[in-house]
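Here's the structure, in structure tokens; my notes come after.
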Amino acid sequence: MSKVLVLYYSTYGHIETMAHAIADGVRAGGAHADVKRVPETVPLEIAEKAHFKLDQPAPVASIADLEHYDAIVVGTGTRFGRISSQMAAFLDQAGGLWARGALNGKVGAAFTSSASQHGGQEITLFSIITNLLHFGMTIVGLDYGFAGQMRNDEVVGGAPYGATTIAGGDGSRQPSETELEGARYLGKRVAETAGKLFG
């Protein structure tokens, strides 16, 4: 059975919710899924004042964890069209894995959220994918087999490059059922791809 890591950073819980939906999809696709988060770099006092969601039960990942998985699905909210500083700081520590080619050939995928429909989701997905390609990973996107990303009767996230959700300017909007379906679809596709590559 293939092993998949869903690795995320979530300030207010939107990406955390998406991460668990992706893990559900991974399991539906016949693989083992672990959900882990990257360390928070914001001082606790500031995080509390800004009402960060600090009660996330997922264990904190280490760089050493990464090479023990057949696939890694990376998710973080968008920050001005880029990945969050927390995720960037974590991935920047993986130079040793890169130098050894420890992630070459593994499966990778991306997911994100933004405040608005056009708030940089696709650029952020590409920012994540760029990191994964540098690690030598094989990328799986959210293909159009998931037709929900083409809906225009409701506000909806999703792109061919990965699963997304829209949080709203004040963070009050939670991932919709369509967006969670997209996350589960992506997780299943990752599991199926990893299964074909690694048995």
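Here, each number is a calculation from the coordinates, and none is a lab measurement. Model, not experiment: these values are computed from the prediction. Cβ sites come from the backbone with ideal geometry, for glycine too, and all protein chains shown count toward neighbours.
State, to one decimal in nm, how far the label point of ASP153 lies from the label point of HIS51, with both points 7 Å from Cα in the Cβ direction. About 3.3 nm, to one decimal. Taking each residue as 0.36 nm, the span from ILE63 to SER116 lengthens on full extension beyond its C-alpha to C-alpha distance by 15.9 nm. A straight line joining the Cα centroids of the stretch 74-108 and the stretch 142-195 runs 21 Å. Over the residues of the chain, the helix contribution to mean residue ellipticity at 222 nm works out to -11000 deg cm²/dmol, using -39500 (n - 2.57) for each DSSP H run of at least 4. Once you treat every alpha carbon in the chain as an equal point and sum by Debye, what is log10 I(q)/I(0) at q = 0.16 Å⁻¹? Log-scaled intensity ratios, in q order: -0.95. Straight-distance candidates among the aspartates and glutamates for linking to LYS53, with alpha-carbon spacing under 19 Å and chain neighbours fewer than 8 residues away dropped: GLU16, GLU40, GLU45, ASP170.
Across the stretch 64-77, coupling constants 3J(HN,Hα) worked out from phi with the 6.51/-1.76/1.60 Karplus curve, θ = phi - 60°, read 4, 5, 4, 6, 8, 10, 7, 8, 9, 10, 10, x, 7, x Hz, and Gly and Pro carry x. Between amide H atoms placed 1.01 Å from N, distances below 5 Å from TYR161 occur with LEU142, all of them 5 or more places distant or on a separate chain. Straight-line reach only, C-alpha to C-alpha below 18 angstrom: list the lysines that LYS106 could link to, leaving out same-chain residues fewer than 8 apart. Reachable lysines: LYS3, LYS36, LYS188, LYS196.
Among the GluC sites (Glu not before Pro) in the stretch 19-73, none sits in a DSSP loop with a Cβ that has at most 13 other Cβ atoms within 10 Å.
Under a 5 Å amide H cut-off, with hydrogens placed 1.01 Å from N, TYR8 pairs with LYS36, ARG37, VAL38, GLY75 among residues at least 5 apart or on other chains.
Please compute the net charge surrounding HIS14, taking Lys and Arg as +1 and Asp and Glu as -1 over other residues with Cβ under 14 Å from its Cβ.
Working: positive: ARG37, LYS53, ARG79, ARG173; negative: GLU16, ASP170, GLU179.
Overall, the nearby charge balance is +1.
Roughly speaking, what is the stretch gain from THR41 to ARG173, that is 0.36 nm per residue apart minus the C-alpha to C-alpha distance, in nm to one decimal? Write down the numbers at each step before the final one.
Details: separation 132, 0.36 × 132 = 47.52 nm, distance 2.48 nm.
Gain on extension, THR41 to ARG173, equals 45.0 nm.
Check each of the chymotrypsin sites (Phe, Trp or Tyr not before Pro) in the stretch 124-195 and keep only those in coil by DSSP with at most 11 other C-beta atoms within 10 angstrom; list them in order. Here the sparse-neighbourhood loop sites are TYR144.
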